[in-house]
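> Right, I'll just put the structure down here and ask away after.
Read-outs: derived from the displayed coordinates by stated rules, not from any lab. Here the structure is a predicted model, which is why all the values come from computation and not from measurement. Note: ideal-geometry Cβ built from the backbone for every residue, glycine included; neighbour counts use all protein chains shown.
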Amino acid sequence: MWSNFLLVGVSGFFGSVTRYAIYLLFNERTATRFPWATLFINVSGCFAIGALSVILERATPNHRHLYLMGAVGFLGAFTTFSTFGNETFGLMRSGASLQALMNVAGNVVLGVAMVWAGRAIVA
């Protein structure tokens, strides 16, 4: 069990460092207010978790450690948006379209609202 935490922690370190490196790279090359780095990180993270999901579905049954390292650790630290995209896709894939829509609306609307609320309470 502790080895799972170690796998997630170490791979999460690499995910967060990669995110930061991409953030610095984009900020050095773009002079705009639009958050291009975040968009790139979220979109590429979604692509990566989609590709990883297919690879792991085709892999041998003993791929739990690869999921923990890739999806939970690295991509979880790189972007939680990839998990959101993957879970929403899972809902759509299983025919739960209403729940998928609720997930999108809830995460986007409530997420932005909670950023506002957190700022308003602390300010």
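> How many angstrom lie between the Cα centre of the stretch 89-123 and the Cα centre of the stretch 1-64?
First find each Cα centre; the distance between them is then 21 Å.
> I've got another one for you. If a/c stays under 1.5 just call it rounded; otherwise compare a/b with b/c (prolate if a/b is bigger, oblate if not). Do that for the chain, with a ≥ b ≥ c from the square roots of the Cα gyration tensor eigenvalues.
Taking the square roots of the gyration eigenvalues as a ≥ b ≥ c, the chain is oblate.
> Here's another thing I want to ask about it. What distance in nm separates the simple spin-label points at residue 6 and residue 25, each placed 7 Å from Cα in the Cβ direction?
3.0 nm
> Would you calculate a helix-derived [θ] at 222 nm for the chain, using -39,500 (n - 2.57) for each DSSP H run of n ≥ 4 and dividing by the full residue count, to the nearest 500?
That comes out to -24000 deg cm²/dmol.
> Another question, if that's okay. Which ordering of 121, 22 is given by a fewest-first count of other beta-carbon atoms within 10 Å?
So the ranking, lowest neighbour count to highest, is 121, 22.
> Then there's this: How charged is the neighbourhood of residue 100? Take every other residue with its Cβ under 15 Å from the Cβ of residue 100, and add Lys/Arg as +1 and Asp/Glu as -1.
Net of charged neighbours comes to 0.
> D for the stretch 73-119, whole µm²/s, Stokes-Einstein with Kirkwood Rh over alpha-carbon pairs at 37 °C and 0.692 mPa s: what number?
So the translational diffusion coefficient is about 285 µm²/s.
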